Amino acid sequence: MVVMSTPRNIVILTGAGISAESGIDTFRGGGGLWEQHRVEDVATPEAFARDPNLVLRFYDMRREAIQTKEPNAAHYALARLDREWAKRAGGEVLIVTQNVDDLHERGGALNVLHMHGEHLKAWCTSCDRRHRWTGPLLHRPECPTCGMQALRPDVVWFGEVPYRMDEIYRAVSEADLFVSIGTSGAVYPAAGLVRTARDLGVQTLELNLERSQGSAWFHETRLGAATEIVPAWVE
Ligand code: BV8
């Protein structure tokens, strides 16, 4: 048990486990399968080049599904922390999420960084503009800016570079506390952030349903469902 003084700056990494109780499937809980495809095989540029309709259907189905889900107590607790921390401790909270759903934002969080992109955005590979997108992409709609039928999900696939890594590494280097919530620690560079934090002397805490692949790197691990252990930690 690590007893620490009140941390000023907190970086919180979240994964699919924080949205599980909102009814959004995790990757490795349900066997990480979709229509008999491993996610790692569908969420890649090669898969998109080989069978664009399969990939677009995969994302259309998930984009539609998340719009029927609601934030849960864990999202609301982090949003409270995000809004109140500056007053309480004069510090910053940054939520770095691997999730491509918008439940952190709909739960009221303000400082959210989607390192793997967002379901509700489409990226035009012709003019490089990004658009809020809630409908399907399978029928190749035209880009609202350039009119080309070149829209793809604005999601970081395996083998692609996650967004704003420099900003993330800087935030971790300036943090007093790094908290990881609801992630299996299976995917890099997200899974490597706890080691970056440790190497920089940052306190590290893991809140998860089960021990993750990176558990050994955390000063403290608390096990349980996010809707229970996240509000308890925030209070
Ligand atoms: C990159 C968007 C270069 C798409 C995603 C070998 C070694 C190291 C790395 C690699 C390697 N081979 C290949 C790589 C690189 C690869 C990688 O890591 N592959 C893995 C499979 C080995 N990574 C990449 O390609 C990345 N890019 O490396 O570029 C680079 C490197 C450094 C700096 C710059 C550039 C890009 C990866 C991004 C892929 N896109 N998502 C989409 O969503 O469709 S990944 C996807 O899976 C998620 O975004 C998430 O990041 C990831 C892991 O999922 P989790 O969120 O952890 O969910 P999971 O289901 O796994 O676990 C859920 C957890 O929650 C569990 O622990 C469970 O116990 C817990 N839980 C469940 N219920 C609850 C709960 N906890 C609390 N309460 C509950 N109720």
Original post:
What residue, among those in segment 188-200 that are open to solvent by less than 20 Å² (accessible area, probe 1.4 Å) and in contact with a Phe, Trp or Tyr (Cβ under 6 Å, 6 or more places away or on another chain), is nearest to the ligand (Cβ to nearest atom)?
Top reply: V194
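Condition check ((1) among the basic types (K, R); (2) under 29 Å from T44 (Cα atoms)) across all residues:
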| position | (1), (2) |
| --- | --- |
| G135 | no, yes |
| H139 | no, yes |
| E142 | no, yes |
| M165 | no, yes |
| R170 | yes, yes |
| G185 | no, yes |
| V202 | no, no |
| G224 | no, no |
| A232 | no, no |
Original post:
From the residues in segment 164-187 that are surrounded by fewer than 17 Cβ atoms within 10 Å (Cβ to Cβ) and part of a loop (DSSP other than H, G, I, E, B), which one is modelled with the lowest pLDDT?
Top reply: A186
Original post:
Wholly within segment 35-116, which helices (runs of 4 or more DSSP H) include no fewer than the required count, namely at least 1 residues that are among the aromatic types (F, W, Y) and in the same structural domain as N9 (by TED's automatic domain parsing)?
Top reply: 73-89
Original post:
Of everything in segment 40-55 that's under 20 Å from the mean Cα position of the chain (by Cα) and buried (at least 18 other Cβ atoms within 10 Å of the Cβ), which residue is nearest to R140 (Cα to Cα)?
Top reply: V55
**OP:** Scan segment 142-163 for residues that are surrounded by 14 or more Cβ atoms within 10 Å (Cβ to Cβ), within 9 Å of the ligand (Cβ to nearest atom) and outside any strand (DSSP E or B) and jot them down.
**Re:** V156, W157, F158, P162
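The values are calculated or read from the model by the stated rules, or taken from the named source; none is laboratory data. Since the model is a prediction, treat every value here as computed from it, not as a measurement. So basically every Cβ, Gly included, is an ideal-geometry build from the backbone, and we count neighbours across all protein chains shown. What goes into the accessible areas is simple: the full protein's heavy atoms, side chains included, and nothing from ligands, DNA or RNA. Shrake-Rupley method; radii C 1.70, N 1.55, O 1.52, S 1.80 Å.
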